[in-house]
Amino acid sequence: MKIAREDFKHLRLPLFAATLLIAMGAACLVVSETWLIDARKARDAAKNSSAQAQKRLDQVSEEEREIKENMLWYARMASRGMVDQENRLDLIDSIAKIKTARKLFEIRYNIEAQRPLAYPGISPAGAMDLVSSRMKLDMQLLHEEDLLKFLSDLNAAALSHVSVRRCTLDRIERGPAQALSAVPHLSSSCEVDLVVVKQVKS
Amino acid sequence: MPAKRLLYFSSTQLTAFAWNAGTLTQDAVFANGEEALPEFGKYVARAPRALYYLLVDIVEEDFHQELIPFVRGGDRRTLLDRKLAQRYRDLSLALTVSLGYETGPRREENILFTSFTNTQQLQPWLTMLSSQKARVVGVYSPPLLAAAVGKRIGFAQKRFLLVSRQQAGMRQSFVDDGQIRFSRLGHIEGEDMAQRALAVAAETGRLQQYLTNMRMLARDGGALDVIVIAPDDALAQFKAACVSTPQINYNVLGIGEACKRAGLKAAPEDLLAERLFLHTLAASQPSQQFADDGHRRYFNLWRARVASYATGAAICTFCVLLAALRLLDYYNVQEQASTDLQQERRLNDQYTRLQAQFQKTPTSTDNLKALVKNYIALEKQSITPDKMFVELSKALAVVPQIELERIEWQIGAEPRRAVDGAQAAKAPPAPAAPAAAKTEEGQIFEIVQLSGRVNAAQASDFRNITLLVNQFVAALRARPGVEVTSTQLPFDLTAEKSIAGDIGAARETEVPRFTIVFNKRVES
């Protein structure tokens, strides 16, 4: 079957109609395919969510046990005074009391501003996290045990968690006459972190 | 489906019929001449959308068989056109029929060339049809329809001779292997039906002889089947006259019976066998016909329009069906998603109910978990120097000549290897492998740098000083977990440096000093 070139003008309408019909069919196909793809994605997401919810429900007893265990740890933090807001007046009073009780020589301290705790293995926890105030201590000691007892007493005061980071002990040279007298024989310089729990602003 | 108009053209007239579902109705009769053309034009104009079939039953018809070389495609078309042009003047009404290939190495093709030898009488009618933009399906002749007629009346043989009587005369059409090979139109002489039947039998015998002589029939090919379409009222005479012989096997059939077998429901009573051909033409519409594309221009246009609409509609329907299937899938998938979401809600509600029974926490469970994890890590790193002082005291007890002047203690992740800014001699090799030769991830160490002096030795007594310091280092190393990383003596014994001293002089006030760096891993 041959169609003369001049006759093609008579086929414009049928060809246009055919093209329109094909385009409509293709459009239907594309739209339905798109809907189907979207629906499949939504179904997969819903299936995953459902599976996760099921898994979480299966692990609810484990989660409860974990919460109980974590709350024990939290109670331990509370018992060490970490949960309460840092009270520097109490801290200073406590240092003074220890000095008096232990009959220590001069104690000089410098407490820095509070900041997030940055130790190895510690990462941001969220709304409630550990923060620390670094305290530099310079003390005159009769014996190195004075330093150890001071640190032990500070920890026992339960005002915060005391984490000793650095200590330097230097011998103070005395003549033979003062070797046995009650004068400082050691000077110490320590850096101690006072760690508490704090609501961190996001 | 558009109406079908059948135009039966004989040498004397053109008869127009309408055909509808096996019923043939005569519309008009036009005398074969110029004067009838305007009336014919008006007839055609009344049914512009009808399909027109022209059945030409005239004596001026030619059949010629020829072998052509084995060629294909355009070359074959060109060769056939050239052969047709050599044989016929008017190529617009010429036809070639392939009759198969010769067996042999050359594989020549046997072609039947056929046309009307006088097309002048047809052209005015075709021109009128064209001027009225009539959809001419094709121009046919009874021989072209003979094979289809045989099939429709239930004759199964592939080779037969069809003898029929139309208004134009007696037509004999020889069909072999389903294709027309030869046909002739003649008159039957005779005053009554008995004589005419005898004449038909005689003509059939002569034609059988002719076909054999022309080698269209093999001499030992068996009896030739002959179908004789006889008038119903003379069926007995024809059966009596047409007696089968070893060469001819007659099948005499009444025209009424033949039409019934072919499916013709009704036709004008005065029609002869042409009604059978007209009905076969309308019902079968054979592909072989004479008209070229010029005569079929408006039919082809109509077909192209229909094909365009049909193609568009078919593809559209197919796409819509596929889209419907996808929509069905879409609703099924949505149903599944809805079920999953409902299940998730139910599980979440269940979880929330159970969670409400949990111990109250000061913050979210995840935050609490992370906080506790951080606190555990903090506790592991929270140690005081008292244990290290114990280790030092035990080492000093081994070497009482050593007196410490400075202790630097710190917690860190990297065990110090050498004293910063000082030229350090490597510590003597340890008896056991160092505990922290290679630090592990997350390991915490107590790192201590000691500065001390050796009281019992003279400053220039290098050997004794070295010995005492080494004893002290060995005592440190003996403590569990302690690794000495560097030792700095008050002098450098390497050959690259100079060294000076006094031997035998009295003890001077200068005291030899040393530095040792060691670490201990904090147990987690």
Self-check item: Sites matching trypsin sites (Lys or Arg not before Pro) across segment B:1-92 that sit in DSSP coil, with at most 15 neighbouring C-beta atoms within 10 Å
Solution: B:49, B:72, B:89
Quiz item: In whole angstrom, how long is each semi-axis of the equivalent ellipsoid of chain A, when you take the square root of 5 times every eigenvalue of its Cα gyration tensor and sort them from largest down?
Solution: 80, 23, 13
Exercise. For chain A, with a Gaussian network of springs between Cα atoms less than 10 Å apart, report the residue from A:150, A:105, A:16 with the top mean-square fluctuation.
Key: A:16
Practice problem: Using a 10 angstrom cutoff on alpha carbons, build the Gaussian network for chain A and name the most mobile of A:158, A:39, A:75. | Solution: A:39
Self-check item: Vicinal HN-Hα couplings computed from phi for segment B:28-44 (Karplus, 6.51 cos²θ - 1.76 cosθ + 1.60; Hz; Gly/Pro x)
Solution: 7, 10, 10, 5, 6, x, 4, 5, 8, 5, x, 5, 5, x, 5, 4, 5
Practice problem: Using the number of other C-beta atoms within 10 angstrom as an exposure proxy, rank A:153, A:38, B:220, A:193 with the fewest first. | Solution: B:220, A:38, A:153, A:193
Exercise. Note down the relative contact order for chain A as a percent, whole number, built from C-alpha pairs under 8 angstrom at least six residues apart.
Key: 23
Exercise. Report, ordered by chain and residue number, the lysines lying within cross-link reach of residue B:4, taken as a straight Cα distance under 21 Å and ignoring same-chain residues fewer than 8 apart.
Key: B:42, B:133, B:260, B:265
Exercise. Please give the helix B:142-152 orientation as an angle from the longest Cα principal axis of chain B, in degrees from 0 to 90, rounded to the nearest 10.
Key: 70
Practice problem: For residue B:364, enumerate residues with amide H under 5 Å from its amide H, sequence gap 5+ or separate chain, H modeled in the peptide plane. | Solution: none
Quiz item: Mind checking which of A:100, A:34, A:19 has the largest fluctuation in a GNM of chain A, springs on alpha carbons under 10 Å?
Solution: A:19
Quiz item: Cα to Cα, under 19 Å, and not fewer than 8 places away if on the same chain: which aspartates and glutamates meet these conditions relative to residue B:520?
Solution: B:379, B:386, B:391, B:408, B:414, B:420, B:440, B:441, B:446, B:483
Quiz item: Rounded to whole Å and sorted largest first, what semi-axes of the equivalent ellipsoid does the C-alpha gyration tensor of segment B:1-142 yield via the square root of 5 times each eigenvalue?
Solution: 34, 16, 14
Practice problem: Would you mind ranking B:335, B:391, B:274 so that the residue whose beta carbon has the fewest other beta carbons within 10 Å leads the list? | Solution: B:335, B:391, B:274
Self-check item: chain B: projected area of the alpha-carbon convex hull, averaged over directions, in nm²
Solution: 60.3
Quiz item: How far, in degrees from 0 to 90, does helix A:144-156 lean away from the longest principal axis of the Cα atoms of chain A, to the nearest 10?
Solution: 50
Quiz prompt | Amide H within-cut-off set for residue B:230, under 5 Å, with H built and near neighbours excluded | solution = B:253, B:254, B:255
Quiz item: Any idea what the relative contact order of chain B is, in percent, if you count C-alpha pairs under 8 Å spaced at least 6 apart?
Solution: 12
Self-check item: 47 Å tail of the calculated P(r), the protein assembly as shown, as % of Cα pairs
Solution: 59
Quiz item: Taking only Cα atoms, what is the 0 to 90° angle, nearest 10, from helix A:60-79's long axis to the longest principal axis of chain A?
Solution: 30
Self-check item: In order through segment B:245-251: 3J(HN,Hα) via Karplus (6.51 cos²θ - 1.76 cosθ + 1.60), integer Hz, x for Gly, Pro
Solution: 10, x, 8, 10, 10, 7, 10
Self-check item: Among A:135, A:169, A:118 the positive-end extreme of the charge dipole of chain A (Cβ point charges)
Solution: A:118
Quiz item: In whole Hz, what ³J(HN,Hα) sequence does segment B:391-396 give by Karplus (6.51, -1.76, 1.60; θ = phi - 60°), x for Gly and Pro?
Solution: 4, 5, 4, 5, 6, 5
Quiz item: List the lysines whose alpha-carbon lies under 30 Å from that of residue A:198, not counting same-chain residues fewer than 8 positions away?
Solution: A:68, A:97, A:99, A:136, A:149, B:360, B:369, B:373, B:380
Self-check item: A:132, B:338, B:141, A:123 arranged by Cβ crowding within 10 Å, fewest neighbours leading
Solution: A:123, B:338, A:132, B:141
Practice problem: If a cysteine in the protein assembly as shown has no other Cys Cβ under 4.7 Å from its own Cβ, put it on the list, ordered by number. | Solution: A:28, B:242, B:259, B:316, B:319
Exercise. Report, by chain and number, residues whose modeled amide H sits under 5 Å from the one on residue A:200, excluding near sequence neighbours (fewer than 5 apart, same chain).
Key: A:128, A:129
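Every read-out reported here was derived from the displayed coordinates using simple, explicitly stated rules and does not represent laboratory data. Quick caveat, the model's predicted, so the values are computed rather than measured. For neighbour counting, all protein chains shown are included, and Cβ atoms are generated from backbone atoms with ideal geometry for every residue, glycine included.
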